[in-house]
1. Listed residues GLN178, GLN157, GLN166, GLN231; which is out of contact with any Ser or Thr (no Cβ under 8 Å at 6 or more places or on another chain), of a type in the set (S, T, N, Q) and modelled with pLDDT of 95 or more?
2. Among the residues of the range 89-101, which ones are out of contact with any Phe, Trp or Tyr (no Cβ under 6 Å at 6 or more places or on another chain), part of a loop (DSSP other than H, G, I, E, B) and touching a residue at least 12 places away in the same chain (Cβ under 8 Å)?
3. What number of residues in the range 140-154 are at positive phi and either surrounded by 12 or more Cβ atoms within 10 Å (Cβ to Cβ) or outside the structural domain of ASN192 (by TED's automatic domain parsing) (or both)?
4. Taking TYR49 and the conditions (1) free of Cβ contacts under 8 Å to residues at least 60 places away in the same chain; (2) within 17 Å of the chain's Cα centre (by Cα), which numbered condition does it fall short on, given that it satisfies the others?
5. With the requirement that a residue be closer than 21 Å to GLY98 by Cα, touching a residue at least 40 places away in the same chain (Cβ under 8 Å) and out of contact with any Asp or Glu (no Cβ under 9 Å at 6 or more places or on another chain), what does the range 140-181 give you?
6. Does ALA38 satisfy the criteria of being within 17 Å of the chain's Cα centre (by Cα) and either assigned to a loop (DSSP other than H, G, I, E, B) or in contact (Cβ under 8 Å) with a residue 60 or more places away in the chain (or both)?
7. Against the definition (in contact (Cβ under 8 Å) with a residue 60 or more places away in the chain and polar (S, T, N, Q)), how does THR104 come out, yes or no?
8. If I filter the range 193-200 for residues that are hydroxyl-bearing (Ser, Thr, Tyr), touching a residue at least 24 places away in the same chain (Cβ under 8 Å) and under 29 Å from LEU116 (Cβ atoms), do I get at least one hit?
Amino acid sequence: MRLNKYLALSGVSSRRMADDLIKAATTTVNNIVITDPAFHVNENDIVRYDGKNIKINHNHIVIMFNKPLGIITSMDDPRNRPVVADYFPKEMRLFPVGRLDKNTTGLLLMTNNGDLANKLMHPKNLIPKIYKAEIDMILDAKLISNIKKGIFIGYNQWAKAKIISQKKVKSRILVTLQLHHGKNREIRRLFNKINRKLFSLNRVKYGDLELGNLPLGKYRELNKRELNKVQRSLND
């Protein structure tokens, strides 16, 4: 088994993140520092990450978390800012599937299965995510069409989204939109580009999983039916 997969199945990180961790000389196999993610690990090898022995975890779980405002999607922060890890017992050894920026709330999946996380985050799977955004002005038909086709947001990147609905709530417009890729701060950059002020952003759906009435800052384990939905999203 490749070392990066071993770390992923041990709940250290996703396989993609494991590559960087291994290259940073954080991992030893039989007391030898290994920096090659493709290094082959045998069943009887002693693998240590960050000075601690690790083993493949066969009890994988997937958690739905309603991320609050102002929380960073990370397991630690060098500036000691609040992170999602603060909401979970350390022994769960969870890490996030993708990320929501600090000022975005809503549905975030957490897992100890790095292999699954890697598949869910892979661009080829194009898992749809639905957000609700509060903005200052209505989107006209031309803007909606342009957003669907793609709007340049800088750094050789284009933002694409499907506007599902929009309605006026008091002095603001509540927009429901669907994305597939989820580039860094894509929705914020999109609204900034089209001169719309964004007041709040909340992710309410990931694939077929819905946030529902899960309270802010709370989490729950996915049930068998929901896990099957996750698996189907990878097979579609």
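1. Numbers: GLN157 fails: modelled with pLDDT of 95 or more; GLN166 fails: out of contact with any Ser or Thr (no Cβ under 8 Å at 6 or more places or on another chain); GLN231 fails: modelled with pLDDT of 95 or more.
Sole residue among the options that is out of contact with any Ser or Thr (no Cβ under 8 Å at 6 or more places or on another chain), of a type in the set (S, T, N, Q) and modelled with pLDDT of 95 or more: GLN178.
2. ARG93, VAL97, GLY98, ARG99, LEU100, ASP101
3. So in the range 140-154, the residues at positive phi come out as 150, 154.
This time we only want the ones that are either surrounded by 12 or more Cβ atoms within 10 Å (Cβ to Cβ) or outside the structural domain of ASN192 (by TED's automatic domain parsing) (or both), so: 150.
Residues that pass the stated criteria total 1.
4. The number of the failed condition is (2).
5. Correct list: THR176, LEU177, GLN178, HIS180, HIS181.
6. Values: within 17 Å of the chain's Cα centre (by Cα): no; either assigned to a loop (DSSP other than H, G, I, E, B) or in contact (Cβ under 8 Å) with a residue 60 or more places away in the chain (or both): yes.
The answer is no for ALA38.
7. yes
8. Quick first cut of the range 193-200, residues hydroxyl-bearing (Ser, Thr, Tyr) only: 200.
When the remaining residues are screened for being touching a residue at least 24 places away in the same chain (Cβ under 8 Å), the result is 200.
Subset that is under 29 Å from LEU116 (Cβ atoms): none.
Looking through the range 193-200, none of the residues is hydroxyl-bearing (Ser, Thr, Tyr), touching a residue at least 24 places away in the same chain (Cβ under 8 Å) and under 29 Å from LEU116 (Cβ atoms).
The values are calculated or read from the model by the stated rules, or taken from the named source; none is laboratory data. What you see is a predicted model, and the numbers here were worked out from it, not measured in a lab. Using ideal geometry, Cβ is built from the backbone for each residue, glycine included, and neighbour counts are taken over all protein chains shown.
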